[in-house]
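The structure appears below as structure tokens.
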């Protein structure tokens, strides 16, 4: 079936708006004194804005795509990515931020994209270290685990 590719854009607009709306219940605070809901609120706004940008681009290009069941390889990648994210959320309290984030990055780089082990490990380490440093500098308390 051939349809306009606007539904995915609307999906992200809706997800962003819902995230932003729900995050207000956590207390947004201010930039000087941020509340727990500030980052989810900003992330929700960003997702919604990017969805609107994609929606505008889609209507301007008048894209149409063929919709159907994903190919076997694409379906496998979706299952691996979803499983990795579920495992990430379940294992983080026990194994900590650093180990679970690095493992997630390796799985996503290695199995959803055919990137070599060396590049996957180096990139995963770099992303994890950067995220750890950024969150630490912001004063965010990350789950402690086996490493740090």
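Note on residue 72/residue 118: beta-carbon distance plugged into 1/(1 + (r/R0)^6) with R0 of 41 Å gives a FRET efficiency of 0.90. Contact order for the chain, expressed relative to its length and based on alpha carbon pairs under 8 Å spaced 6+ residues apart, stands at 22 percent. Counting neighbouring Cβ atoms within 10 Å and putting the fewest first, the residues 26, 138 line up as 138, 26. Our summary gives region 73-148 a relative contact order of 41 percent, counting only alpha carbon pairs under 8 angstrom and 6 or more residues apart. Gain on full extension, evaluated as 0.36 nm per residue between residue 80 and residue 26 minus their Cα-Cα distance, stands at 16.3 nm. Here the sum of -39500 (n - 2.57) over DSSP H runs of 4 or more residues, divided by the residues of the chain, equals -22500 deg cm²/dmol at 222 nm, to the nearest 500. Under the simplified labelling scheme, the residue 49-residue 144 pair shows an inter-label distance of 3.7 nm, with each label point 7 Å from Cα along Cα→Cβ. Stretching residue 133 away from residue 6 to a fully extended chain increases their span by 42.0 nm, per 0.36 nm per residue minus the current alpha-carbon distance.
Every read-out reported here was derived from the displayed coordinates using simple, explicitly stated rules and does not represent laboratory data. Note that the coordinates shown come from a computational prediction; the quantities given were computed from them, not determined experimentally. Using ideal geometry, Cβ is built from the backbone for each residue, glycine included, and neighbour counts are taken over all protein chains shown.
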